[in-house]
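Some notes on the structure that comes next.
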Amino acid sequence: MVSQIRWKRDWGLQKHGSSPLQRPPCHSFGRQHCRISDQETNGKTSAASSNDFSDPIYKEIAITNGYINRMTREELRSKLAEFKLETRGVKDVLKKRLKNYYKKQKLMQKEHISEDSCYDYICVVDFEATCEEGNPPEFVHEIIEFPVVLVNTRTLEIEDTFQQYVKPEINPKLSDFCISLTGITQDIVDKADIFPQVLQNVVEWMRQRELGTKYSYSMLTDGYVLMHKFLNIQCFISRTKYPSFAKKWINTHNYGNLYKVPRNQTKLTIMLENLGMSYDGRPHSGLDDSKNIARIAIRMLQDGCDLRMNERIHGGQLMTVSSSGPLEGAPAPQMPRYRN
């Protein structure tokens, strides 16, 4: 077991007289974690830039990472508890959490923190769409639930939610499979507004929260399918121009990069399980799925992940986005316009 003496020596505790890893107050902790990136921020190279490892601080970090790699799960949990960090999760998650925490604390001591390296808000979206068992290739999926969960990156809490059901137009009658899967009944969609009206309501809801004007923000989804497929197809069906606020987004499959897990472990339930959490609500409810994805995003921020836009749609094509440039949030939402 790693002794207390070793931790004091190798984590710089004796030199400073007290722990430099004292956790900041809760109201600022998430924001500090969110601010630091391994990329460039606002055109200036941060202390975490992969291009500059001449600073002795990186040797300290590397040495500590070696000790962390040799720790047992119980040792990891004990050290995390000492710093009042989350102790749930599989061993790889715990190691990454502890490494990130130590790294961020060391870099904060050098005051290499950008004030504008994190969006003020993240809008989590997970649509539900019409479906049939087996989903035949020719079947056209139409959005039938449009939820948005608003995450405050300063408080690391879900601040608000939006949810509306949508009336499908091409296949107005839901399949028994779809009803069973989503819990959305025929009566619900029959009474719902059509997509253009719902999209207009979403825009108004976002405007009321001053997203893109007073506050910077980004959309976030679990995978690329939501925007590239469902929203893109729905806008084509409804003869509505694709909304500018959704042209770039964060794909939470960053999760795999942060925690070094295979792509087949980036399913929602598996991500929650690896983080020591369980699903809260009804699976395949768009709103409940969005809330659970938001919980994962919050944990990623707490564990030091720099959540930035990493995908976009251009000309109907899916493309990756570099996260190394200055932070740029989504534009202020505009009312939907119809295609000619």
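The values are calculated or read from the model by the stated rules, or taken from the named source; none is laboratory data. Everything numeric here is computed off the predicted structure, so don't read it as measured data. Here the Cβ positions follow ideal geometry from the backbone for every residue, glycine too, while neighbour counts run over all protein chains shown. Note: accessible area is taken over every heavy atom of the protein model, side chains too, but ligands, DNA and RNA are not part of it. Shrake-Rupley method; radii C 1.70, N 1.55, O 1.52, S 1.80 Å.
In table form, for the structure just shown:
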quantity: Pair list, Cβ under 9 Å, 6 or more apart: segment 66-79 residue open to solvent by 70 Å² or more (accessible area, probe 1.4 Å), other residue β-branched (Val, Ile, Thr); calculated: Arg70/Val2; Arg73/Val90; Arg77/Thr87
quantity: Test: residue in segment 275-287 that is in a helix (DSSP H, G or I) and over 18 Å from Ala129 (Cβ atoms); calculated: no
quantity: Odd one out for Asp280, checked against (1) surrounded by fewer than 22 Cβ atoms within 10 Å (Cβ to Cβ); (2) in contact with a strand residue (DSSP E or B) (Cβ under 6 Å, 6 or more places away or on another chain); calculated: (2)
quantity: Filter result (open to solvent by less than 30 Å² (accessible area, probe 1.4 Å) and charged (D, E, K, R)) within segment 307-340; calculated: Arg308, Glu311
quantity: Residue match in segment 204-224 (condition: over 20 Å from Asp160 (Cβ atoms), in contact with a His (Cβ under 9 Å, 6 or more places away or on another chain) and open to solvent by less than 60 Å² (accessible area, probe 1.4 Å)); calculated: yes
quantity: Single condition Glu142 does not satisfy, out of (1) acidic (Asp, Glu); (2) at pLDDT below 90; (3) surrounded by 19 or more Cβ atoms within 10 Å (Cβ to Cβ); calculated: (2)
quantity: Residue in segment 287-294 that is open to solvent by 50 Å² or more (accessible area, probe 1.4 Å) and under 16 Å from the mean Cα position of the chain (by Cα) present; calculated: yes
quantity: Segment 172-192: number of residues that are part of a helix (DSSP H, G or I) and under 30 Å from the mean Cα position of the chain (by Cα); calculated: 8
quantity: Test: residue in segment 291-303 that is over 19 Å from Asn251 (Cβ atoms) and in contact with a Leu (Cβ under 6 Å, 6 or more places away or on another chain); calculated: no
quantity: Residue in segment 115-137 that is open to solvent by 10 Å² or more (accessible area, probe 1.4 Å), in contact with a helix residue (DSSP H, G or I) (Cβ under 8 Å, 6 or more places away or on another chain) and closer than 22 Å to Gly304 by Cβ present; calculated: yes
quantity: Hits in segment 146-187 - residues which are under 27 Å from Leu220 (Cβ atoms) and either open to solvent by 60 Å² or more (accessible area, probe 1.4 Å) or without any contact (Cβ under 8 Å) to a residue 24 or more places away in the chain (or both); calculated: Arg154, Thr155, Glu157, Ile158, Glu159, Gln163, Tyr165, Lys167
quantity: Leading residue by the ranking (farthest from Tyr119 (Cα to Cα)) among those in segment 229-246 that are open to solvent by 50 Å² or more (accessible area, probe 1.4 Å) and assigned to a helix (DSSP H, G or I); calculated: Phe236
quantity: Checking Ala332 against (1) of a type in the set (Gly, Ala, Ser); (2) under 24 Å from Met206 (Cβ atoms); (3) under 15 Å from the mean Cα position of the chain (by Cα); (4) assigned to a loop (DSSP other than H, G, I, E, B), the condition it does not meet; calculated: (3)
quantity: Residues located in segment 106-139, provided they are assigned to a loop (DSSP other than H, G, I, E, B), hydrophobic (A, V, I, L, M, F, W, C) and modelled with pLDDT of 95 or more; calculated: Val125, Phe127, Cys131
quantity: Whichever residue in segment 49-62 is exposed (fewer than 12 other Cβ atoms within 10 Å of the Cβ) and at pLDDT 75 or above and, among such residues, is nearest to Lys99 (Cα to Cα); calculated: Ala62
quantity: Residue tally, condition under 18 Å from the mean Cα position of the chain (by Cα) and at pLDDT below 95, over segment 222-246; calculated: 7
quantity: Tabulated pairs, segment 86-112, first under 28 Å from Ser278 (Cβ atoms) and among the hydrophobic types (A, V, I, L, M, F, W, C), second open to solvent by less than 40 Å² (accessible area, probe 1.4 Å) and at pLDDT below 85, C-beta under 8 angstrom, 6+ apart or interchain; calculated: Val93/Tyr259
